[in-house]
Amino acid sequence: MKLLTNTHLFWDADTKLIDPKIHQQSIIERVLERGSWADVKELIDFYGREEIADAAKKARWFSDKTTHFVSGYFHIPLEQMR
């Protein structure tokens, strides 16, 4: 997963220790909150829209801007977002 080489997204972690399956929720949350459009597209290619939407509904925290983007782009009603 090319995203894990992006040091501005994962500056606080040793990316060699990040497993895309085990750490899926954290990766999705961080990319949606801090990633570029290219990062989001890579995320979709890797996990798929449904997995990302499910993770977004369980996200511990998103800024208002990210919440509204994710809601609109992934067709998730705002009421289903935390």
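The values are calculated or read from the model by the stated rules, or taken from the named source; none is laboratory data. These numbers come from a predicted model, not from an experiment. Here the Cβ is made from the backbone with ideal geometry for all residues, glycine too, and neighbour counts use every protein chain on show. Surface areas here come from the heavy atoms of the whole protein model, side chains and all, with no ligands, DNA or RNA. Shrake-Rupley method; radii C 1.70, N 1.55, O 1.52, S 1.80 Å.
Some points to look at:
Table: residues versus (1) farther than 17 Å from Ala59 by Cβ; (2) open to solvent by 50 Å² or more (accessible area, probe 1.4 Å); (3) in a loop (DSSP other than H, G, I, E, B); (4) in contact (Cβ under 8 Å) with a residue 24 or more places away in the chain.
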position: Leu4; (1), (2), (3), (4): yes, no, no, no
position: His8; (1), (2), (3), (4): yes, yes, yes, yes
position: Asp12; (1), (2), (3), (4): yes, yes, yes, no
position: Lys21; (1), (2), (3), (4): yes, yes, yes, no
position: Ile28; (1), (2), (3), (4): no, no, no, yes
position: Leu32; (1), (2), (3), (4): no, no, no, yes
position: Lys41; (1), (2), (3), (4): yes, yes, no, no
position: Ile44; (1), (2), (3), (4): no, no, no, no
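- Within segment 56-82, the set of residues being open to solvent by less than 80 Å² (accessible area, probe 1.4 Å), farther than 18 Å from Ser36 by Cα and within 13 Å of the chain's Cα centre (by Cα) comprises Lys57, Ala59.
- Screening Glu51 with (1) open to solvent by 60 Å² or more (accessible area, probe 1.4 Å); (2) part of a helix (DSSP H, G or I); (3) over 16 Å from His23 (Cα atoms); (4) charged (D, E, K, R) gives one miss only, at (3).
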